[in-house]
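The values are calculated or read from the model by the stated rules, or taken from the named source; none is laboratory data. Since we're looking at a predicted model, the values are computed, not measured. Counting neighbours? That spans all protein chains shown, and the Cβs are built from the backbone with ideal geometry, glycine included.
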Amino acid sequence: MESKLFPGLQTFFQEAGEAACYALCIAKIAEKITGKAIEPLEALLSGIEHKLIYYNWGSPEDPDNFYVSDAEKFLTLLAGRRATVIKTDNANYRAGPNEYIVERWERPTAKTVYSHFRLPYWDSLRDSQTVKNGKLASLRVFKVT
């Protein structure tokens, strides 16, 4: 078995803690679909390997690290079922059959706008300041077939 204890692992986890919320939400949806636990590190590394998640190994400060470039293919990869996704600004949208919602929250400050993705029933952060002090900005609606 190949070791997953690679050089820079702590830096990778630090960056994931700051920016991998959307990818982790997709992994959580895949768990719900498959009924099987998904190892977060494996999911992130697989997404990066398949070029569905951007990660610049040479620059942990890259602001695009953990950007999910193809959410549909990432969920399809993890869940083994075809997925599509749409964005809606309708905060009242209710999921239909085989649909899963990811919320995108925003919290503007004088210098920037912070954003955070979470599921209605799960959050990768214990106490998100963006959710606590921000507003629901949009939804990503995944449909699985």
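Arg126 meets all of the listed conditions (1) at pLDDT 95 or above; (2) within 24 Å of Phe12 (Cβ to Cβ); (3) charged (D, E, K, R) but one, namely (1). If the condition is being within 16 Å of Ala71 (Cβ to Cβ) and of a type in the set (Ser, Thr, Tyr), then the range 99-138 contributes Tyr100, Ser115, Ser124, Ser138. Of the residues making up the range 49-96, those that are in contact with a Phe, Trp or Tyr (Cβ under 9 Å, 6 or more places away or on another chain) and in a strand (DSSP E or B) are Ile53, Tyr54, Tyr67, Val68, Ala83, Thr84, Val85, Ile86. Restricting attention to the range 97-130, the residues that are in contact (Cβ under 8 Å) with a residue 24 or more places away in the chain, surrounded by fewer than 18 Cβ atoms within 10 Å (Cβ to Cβ) and not in a strand (DSSP E or B) add up to 2. A count restricted to the range 19-39 and to residues that are without any contact (Cβ under 8 Å) to a residue 24 or more places away in the chain and outside any loop (DSSP other than H, G, I, E, B) stands at 1.
Scanning the range 19-50 for residues that are surrounded by fewer than 12 Cβ atoms within 10 Å (Cβ to Cβ) and charged (D, E, K, R) yields Lys36, Glu39, Glu49.
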